[in-house]
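Single-structure report; data block below.
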Amino acid sequence: MEINIKYNVSGEYTNQDGILKNTNFRRYSLRGNIDGKLSQRLNLKLNFNPSYTERLNSGSRSVDGITSR
């Protein structure tokens with residue numbers, strides 16, 4: 001039996017200025033999927049979606065860090 005592996009990787013970058021002065025939203029994210037058929041009875045699937053978010057609200061900054069869904 002031959003091992004069959006499929007994968008997909010994509011990324012996103014968002015940088016949005018707010019309508020008020022000194023407000024901003026920035027996010028980086030990555031998404032990936034790996035599907036592998038290792039044998040006739042064994043399949044392996046891996047999905048990941050980490051992201052990093054920054055918000056600037058009228059001079060104060062908050063960072064959400066890395067989150068995963």
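Any read-out appearing in this document is the output of simple, stated calculations on the displayed coordinates, not a laboratory observation. Note that the coordinates shown come from a computational prediction; the quantities given were computed from them, not determined experimentally. Cβ: placed from backbone, ideal geometry, glycine included. Neighbour counts: every protein chain shown.
Taking amide hydrogens as placed 1.01 Å from N in the peptide plane, the amide H of G18 sits under 5 Å from those of T23, N24, F25, each at least 5 positions away in sequence or on another chain. Working ranking of peptides 43-52, 9-18, 22-31 by packing, defined as the average number of other Cβ atoms within 10 Å per residue, highest first, is 22-31, 43-52, 9-18. Legend: calculated FRET efficiency, R55 to S10, from the Cβ-Cβ distance at R0 = 30 Å, rounded to 0.05, equals 0.80.
Phi angles of region 3-10 translate, via the Karplus equation with coefficients 6.51, -1.76, 1.60 and θ = phi - 60°, into HN-Hα couplings of 7, 10, 10, 10, 8, 8, 9, 9 Hz per residue; Gly and Pro are given as x. Counting only residues at least eight positions apart within a chain, or on another chain, the aspartates and glutamates with an alpha carbon under 20 Å from that of K37 are E2.
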